[in-house]
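The values are calculated or read from the model by the stated rules, or taken from the named source; none is laboratory data. Keep in mind that this is a model prediction, so the values were computed, not measured. Glycine also receives a Cβ, built like all others from the backbone with ideal geometry; neighbour counts cover every protein chain displayed. Keep in mind that these areas ignore ligands, DNA and RNA; they rest on the heavy atoms of the full protein, side chains included. Shrake-Rupley method; radii C 1.70, N 1.55, O 1.52, S 1.80 Å.
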Amino acid sequence: MPSLSYIAALNQALRDEMARDERVCIFGEDVCLGLTGITKGLAEAHEGRVVDTPLSEQAFTSLATGAAIAGQRPVVEFQIPSLLYLVFEQIANQAHKFSLMTGGQASVPVTYLVPGSGSRSGMAGQHSDHPYSLLAHVGVKTAVPATPSDAYGLLLSAIREPDPVAVFAPTLLMGTSEEIDGDLDAVPLGSARTHREGTDVTVVAVGHLVPVALQVAADLAGEASVEVIDPRTVYPVDWETLGKSISRTGRLVVIDDSNRMCGFGAEIAATAAEEFGLAVPPKRVSRPDGAVIPYALNLDHALLPDALELTKAIRAVLRR
């Protein structure tokens, strides 16, 4: 079976959609050069549709909103996840609300692509955030692919959506690969993926923490049967898939790489407690409240969720 890397999957999704739909275009810093690898070769293949922008995220994010309203399907690449804070007004208050405030008379089909989100590589405080919960909170459709095939499929769906969609590509996944059996296709937004079936506890893992959860589940196979579910999109959430699993196991641990306060894990835990008949209180594994990731690599790693914390959380819910 052929092997597909995470970066190549994102690049191929853009390449395929640009060939299929001439309205698809790309804005961002160094996108003609393909600095992150995701847009490499696309400027040569699609002259005039890959646009290097000045270093002003507010400017080219607003430009993308206007282009989308005018009938294009722009993809905006942000080199650093924290830059989303600079353009939060343009995304949450303008692009996201425009179709609703016009009664559906206009749509804003723009995709915000955030490669290298999160940290674990000493990128320090202003480069290490993973703010997918923030966009989900205001109702922006938000995907965090955990595998190359999902990266391809979710980016395809994001570009084809009539609404704004953010796609986060975690740093730790950028160098990973997957053996591909069959053709790649679009992955519907709001569709979770069960990576491992189990009967004792449900683990909901996001992005680069999916392989961590799968390894922990394998290590604990002698003690417990752990089901591992990847929501794939943190908004909308596939509550049907999660609800069936959590109701069956009666136990829940959520591991995600957002800050604890108002993070994605809190939403999953709250909904499960309200609606899915938990036998014991759920556990969350996340960054601390208000985490600011330091430059020192050992401190960087100390603040981020890992396999040891997940193992402790799983054992804790199993003891109850």
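Can you sort Leu303, Leu55, Leu83, Leu42 by solvent-accessible area, 1.4 Å probe, largest first?
Leu55, Leu303, Leu83, Leu42
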In degrees rounded to 10, the 0-90 angle between helix 264-275 Cα long axis and the longest Cα principal axis of the chain is 50 degrees
Out of the total accessible area of the chain (probe 1.4 Å, heavy atoms of protein only), what percent is carbon and sulfur? 53 percent
I'd like the antiparallel share, as a percent to the nearest 5, of DSSP beta bridges with both residues in the chain. 20 percent
How charged is the neighbourhood of Val31? Take every other residue with its Cβ under 10 Å from the Cβ of Val31, and add Lys/Arg as +1 and Asp/Glu as -1. -3
Heavy-atom accessible area per residue - the chain, 1.4 Å, Å²: 41 Å²
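Placing unit charges on C-beta atoms (Lys and Arg positive, Asp and Glu negative, everything else neutral), compute the dipole magnitude of the chain about its Cα centre in debye, rounded to 20.
Approximately 760 debye in magnitude.
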Could you tell me what % of all Cα pairs in region 76-201 have separations over 25 Å? 30 percent
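Kindly rank 129-141, 187-199 from highest to lowest mean number of other beta carbons found within 10 Å of each residue.
Values: 129-141: 21.8, 187-199: 17.1.
Averaged packing, sorted descending, gives the order 129-141, 187-199.
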Please give the contour-minus-distance gain from Ala45 to Val280: 0.36 nm per residue of separation, less the Cα-Cα distance, rounded to one decimal in nm. 79.1 nm
Using alpha carbons only, how many angstrom separate the centre of region 23-44 from the centre of region 296-320? 37 Å
Alpha-carbon centroids, region 46-74 and region 150-208: separation in whole Å: 25 Å
Taking every pair of Cα atoms in region 237-309, average 1/r, invert it to obtain the Kirkwood radius, and report Rg/Rh to two decimals. 1.06
Within the chain, how many Lys pairs that are eight or more residues apart, or on different chains, come under 27 Å at the alpha-carbon? 7
